[in-house]
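In what follows, a structure is listed as structure tokens, so that the remarks can point back to it.
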């Protein structure tokens, strides 16, 4: 039943906690990467693959998970996803061979593929048309916060052992599954789920539609955002450890402070900046800042300099994501489900290629990942010149 957000704060809180927990898993590994790399004698490319395999497994499972969410129900898929996530983190914490670590990350990606569409669909089911954009904005904020703050949480807990962050994640996700089972109710009836199952779309048809001019540049921007952030974040801990000798706690401090600053500014200024600049100029400004600072990251020295640069890079990415989401939402019209699904697909692609290429380039030269990320962001900036802010209606 659809109600205003203010009348169902607990349900919204549980849903946001679930998606936050899922995306926390992507970044949780980052601050302990140098320690795992040294202890298990792994290469930088292998560490990049460990992050990338999470995204590619999510990408593969997502089309099927979307259909299962309609067929079996949102609540069941949320709980199953959280339990799979808990298992994946427990396996990583216990793993002593790289193959076990890969298995863990694959399960983690599968869990995210289960949780994300289920939470999004649940929010759409229970919110009014007027409140839905705000609720979806909360979901986007939970994703951004989980993805960025993950390394911070992992770094602080790593003081008690490099495997402790994963045991911590296993516990909180298991508790999230329990709370979801007790508090959430299925948002659709059996008859409504059967109707939805009979109307499911084809993933490849949606993928083909995504390259239409009205969507293409925006989805490329989604890819660029995910690529740039994941490449930067994946290499950041390895880079900071090798070049500056930063500890996991140092890395966690930088990421956490940067995340807090970015979130505060996003909450206070994002709406005003969008009103003044518009989505397109806002996106272009963020791309300029992120690309310039990616290059600057290769020449700075010292904790304070790294902290300042990282703050501004995270801020640029944190403002870029909701600007893109807002643009896509306005463009989508009655195609919100299609746009949400393709947004997830292109994000997964970026989260795969960013860490994978970042790890490979790191083995050649520790500066190459930042330089390459900067180039990709500049290419994205160039593509926005072709971008039309007002779009015509698209045929299905």
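Quick note: the coordinates plus some simple rules give every number you see, no bench work behind them. If you're wondering where the values come from, they're calculated on a predicted model, not measured in any experiment. A quick note on method: Cβ atoms are made from the backbone with ideal geometry, for glycine too, and the neighbour counts reach across all protein chains shown.
Some points to look at:
- The base-10 log of I(q)/I(0) for segment 234-325, evaluated at q = 0.11, 0.13 Å⁻¹, reads -0.33, -0.46 [Debye formula, identical scatterers on Cα atoms, solvent excluded].
- Packing-based ranking of 70-83, 300-313 yields 70-83, 300-313, ordered from highest to lowest mean Cβ neighbour count within 10 Å.
- Span from the segment 347-384 Cα centroid across to the segment 199-267 one, whole angstrom: 11 Å
- Cα shape, segment 5-386, gyration tensor, a/c 1.5 rule: oblate
- Proportion of all alpha-carbon pairs of segment 68-163 beyond 21 Å (%): 46 percent
- Fraction of the pair-distance distribution of segment 62-101 above 13 Å, Cα-Cα pairs, percent: 60 percent
- Look at the alpha carbon pairs under 8 Å that are at least 6 residues apart: their mean separation over the length of segment 5-386 gives a relative contact order of 27 percent.
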